[in-house]
Amino acid sequence: MKIILSMVALLSASAFACPEFNGTYTCTSEGQSGQMEIKTYQENGIYVYETDGDKLYADGQERPVQEEDLVGTMSATCSGSSLVMNLQGDYLENGQKAGVLTMTSTVTATDAG
């Protein structure tokens with residue numbers, strides 16, 4: 001029974017192709033804009049999104065995230081023409097836990113780009 005469930009999960013996960021976000025994008029946040037180059041490719045059958053040398057694997061697996069002000073995990077999956085990212089962890093101020101962060105972001109490919 002476990003093998004059947006595993007096969008169904010694998011088949012349903014691979015049934016959706018991930019969106020491809022290849023190119024340079026302008027990102028605006030809090031009134032400031034910046035350029036971001038994104039490359040999309042596959043590594044061992046897994047979609048990978050790379051920007052500034054950082055890789056995001058769209059396989060649903062949680063991976064550790066460690067920044068100056070955040071320690072936690074991040075995962076990503078694809079749903080149709082969307083990339084869904086989940087981030088959770090501890091927000092730090094001066095190296096001390098100051099809060100908990102839970103965030104889900106969805107990026108959808110459109111005909112407009």
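Structure notes:
- Sole residue being hydrophobic (A, V, I, L, M, F, W, C), farther than 17 Å from T108 by Cβ and modelled with pLDDT of 90 or more, chosen from L83, L10, L87, L5: L87
- Residues in region 84-113 that are in a strand (DSSP E or B) and in contact with a Ser or Thr (Cβ under 7 Å, 6 or more places away or on another chain) were compared, and the one that is farthest from Y41 (Cα to Cα) is G89.
- Of all residues in region 61-79 being surrounded by 12 or more Cβ atoms within 10 Å (Cβ to Cβ) and either basic (K, R) or within 25 Å of T24 (Cα to Cα) (or both), the one that is modelled with the lowest pLDDT: S79
- A58 in contact with a Cys (Cβ under 6 Å, 6 or more places away or on another chain), modelled with pLDDT of 85 or more and not acidic (D, E): yes
- Filtering region 25-60 to residues that are of a type in the set (S, T, N, Q) and surrounded by fewer than 16 Cβ atoms within 10 Å (Cβ to Cβ) leaves T26, T28, S29, Q32, S33, Q35, Q42, N44, T51.
- Matching option when the condition is assigned to a loop (DSSP other than H, G, I, E, B) and either closer than 20 Å to T110 by Cβ or out of contact with any His (no Cβ under 7 Å at 6 or more places or on another chain) (or both), among C27, C18: C18
- Of all residues in region 80-100, those satisfying the criterion of being within 16 Å of the chain's Cα centre (by Cα) and either of a type in the set (V, I, T) or surrounded by 13 or more Cβ atoms within 10 Å (Cβ to Cβ) (or both) are S81, S82, L83, V84, M85, N86, L87, Q88, G89.
The values are calculated or read from the model by the stated rules, or taken from the named source; none is laboratory data. Because the structure is a prediction, the values reported are computed rather than measured. Because the Cβ atoms are built from the backbone with ideal geometry, glycine has one as well, and the counts that use them run over all protein chains shown.
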